[in-house]
Amino acid sequence: MVDTAFYEKNGPFTLAQVAKICDAKLLDVSQAQVVVQNIATMNHASENDICFFYDKKNKEKGAEIKAKACVTTEMLAPFVAQGVIILVSANPKLSFLKLNQEFYHEVCLRADIASSAKIHPTAIIGRGTFIADGVVIGEKVVIGENCVIEPNVVIGRACKIGNNTKIGANASISYAIIGDNCYIYAGVRIGQDGFGFMMIDGKHVRIPQLGRVIIGNDVEVGANTCIDRGALDDTVIGDGCKIDNLVQIAHNDKFGNNCIVVSQTGVAGSCTFGDYVVCGGQTGFADHLNIGSGAQIASQSGIMRDIAPGEVMMGYPAVKFKDFMRQVACLQKLSNKHNS
């Protein structure tokens with residue numbers, strides 16, 4: 001059950017409304033005015049709830065559903081328990097997303113600027129933006145409309161934030177331009193110095209980092225992730241990228257559109273990613289690599305060479321997925337032979 005102390009609830013909805021929202025077909029149209037109060041998982045749904053059933057591997061669990069109604073596929077509909085009202089969808093997962101968005105949303109904060117916020121007089125704040133306690137906004141910063149800036153955020157001089165963007169608590173942003181509809185989660189560090197040093201007379205001398213971080217539209221950056229600014233060229237995160245918690249993206253890296261980067265991944269400097277690259281958790285990348293569009297990197301892989309578009313890589317050092325599985329099979333055979 002969703003806790004309405006944290007989320008605002010809409011509804012209830014009739015099954016006719018649910019069918020329209022979910023792009024689903026109500027099998028028994030005489031039930032169109034039946035009302036459901038909540039969305040719930042199959043295991044916890046009660047007689048007032050609606051649930052979703054799309055796991056072909058566990059068809060037998062359909063008989064255990066106790067919900068008022070269930071959205072499922074045409075193939076799985078016969079497995080749903082007797083008495084449960086059935087709606088058929090071509091894509092129940094997408095239907096769940098749509099209904100979830102209608103039923104619940106985060107509490108909307110009214111436009112306000114907390115008295116404890118420190119905002120430079122030259123900063124421009126768009127209409128409808130909420131700025132919480134302890135926020136510091138520097139000189140010549142521009143923040144768009146309908147943004148949410150949570151407590152203790154620091155936004156450095158001349159940064160630009162687009163419309164409808166949320167910056168989580170305790171994040172810090174400097175030397176950065178961020179697009180519309182982004183979500184920068186709590187504790188993120190954007191625009192810090194890249195890790196660049198030169199050995200001079202036996203000492204590591206810092207190389208000035210003079211670039212920026214450019215983040216496109218519809219980007220999410222997970223909690224406590226760090227994205228360093230470029231040395232001269234910019235660090236770029238393309239539209240639609242989704243970056244998990246605890247990721248390190250180094251100076252001058254360039255990500256195309258719609259990339260997925262899972263937690264604890266580290267990308268060394270000056271790497272270039274195409275579009276729709278997927279990186280599993282704890283993946284490591286050497287510097288100055290080119291990763292082609294559509295490449296998929298399995299978790300805990302070490303990437304030391306360029307990856308062609310569409311390649312699926314795994315292992316440390318990473319090889320093509322099929323080659324990795326052959327290596328595993330070969331080692332298993334050798335191990336069995338040795339133990340026999």
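May I ask you to evaluate 6.51 cos²θ - 1.76 cosθ + 1.60, the Karplus curve with θ = phi - 60°, for each residue of the range 299-312 and list the ³J(HN,Hα) values in order in whole Hz, giving x for glycine and proline?
Once θ is set to phi - 60°, the couplings for the range 299-312 become 4, 6, 8, x, 9, 10, 9, 4, 10, 6, x, x, 5, 10 Hz.
Please list, by residue number, everything in the range 248-288 whose backbone N is under 11 Å from a paramagnetic label point 7 Å out along Cα→Cβ of Met304.
Hits in the range 248-288 for Met304 at 11 Å: 286.
Tabulate in residue order the Karplus-calculated ³J(HN,Hα) for the range 23-39, using 6.51 cos²θ - 1.76 cosθ + 1.60 with θ = phi - 60°, rounded to whole Hz; enter x for Gly and Pro.
6, 10, 10, 7, 5, 10, 5, 5, 9, 4, 9, 5, 9, 10, 8, 8, 8
Hey, how many Å between the Cα centroid of the range 65-96 and the Cα centroid of the range 269-340?
Going from one Cα centre to the other spans 39 Å.
Modelled label-to-label distance, Phe195 and Lys61, 7 Å Cα→beta-carbon offset: nm?
4.1 nm
What is the spin-label model distance, in nm, from Ser46 to Ile260 if the labels are put 7 Å beyond Cα along the C-beta direction?
About 3.5 nm separates the two model spin labels.
As a test of the definition: which semi-axes, in Å, follow for the range 171-322 when you take the square root of five times each eigenvalue of its alpha carbon gyration tensor? Largest first, please.
23, 20, 13
State, to one decimal in nm, how far the label point of Leu94 lies from the label point of Leu109, with both points 7 Å from Cα in the Cβ direction.
3.4 nm
So which of Lys98/Lys160; Lys20/Lys66; Lys160/Lys254; Lys59/Lys320; Lys66/Lys242 end up more than 26 Å apart by C-alpha?
Listed pairs above 26 Å: Lys98/Lys160; Lys59/Lys320; Lys66/Lys242.
Hey, with R₀ at 51 Å, roughly what FRET efficiency would Gln31 and Phe6 work out to, going by the Cβ-Cβ distance, to 0.05?
E between Gln31 and Phe6, to the nearest 0.05, is 0.95.
Select from Ala186, Ser270, Gln209 the residue farthest towards the positive end of the dipole of the range 140-279; place +1 on Cβ of Lys and Arg, -1 on Cβ of Asp and Glu, and compute about the Cα centre.
Gln209
So how much slack lies between Val205 and Val136, counting 0.36 nm per residue of separation and subtracting their Cα-Cα distance, in nm?
Stretched fully, the Val205-Val136 segment lengthens by 21.8 nm.
Rounded to the nearest 5, what % of the DSSP beta bridges within the chain are antiparallel ones?
15 percent
If a/c stays under 1.5 just call it rounded; otherwise compare a/b with b/c (prolate if a/b is bigger, oblate if not). Do that for the chain, with a ≥ b ≥ c from the square roots of the Cα gyration tensor eigenvalues.
oblate
Net charge around Lys254, counting only other residues with Cβ within less than 10 Å of its Cβ (Lys, Arg = +1; Asp, Glu = -1)?
Net charge around Lys254: -3.
Rule-based calculations on the coordinates, nothing more; no lab input. Source: prediction; values computed, not measured. Cβ coordinates were reconstructed from backbone atoms using ideal geometry, including for glycine residues, and neighbour counts include every protein chain displayed.
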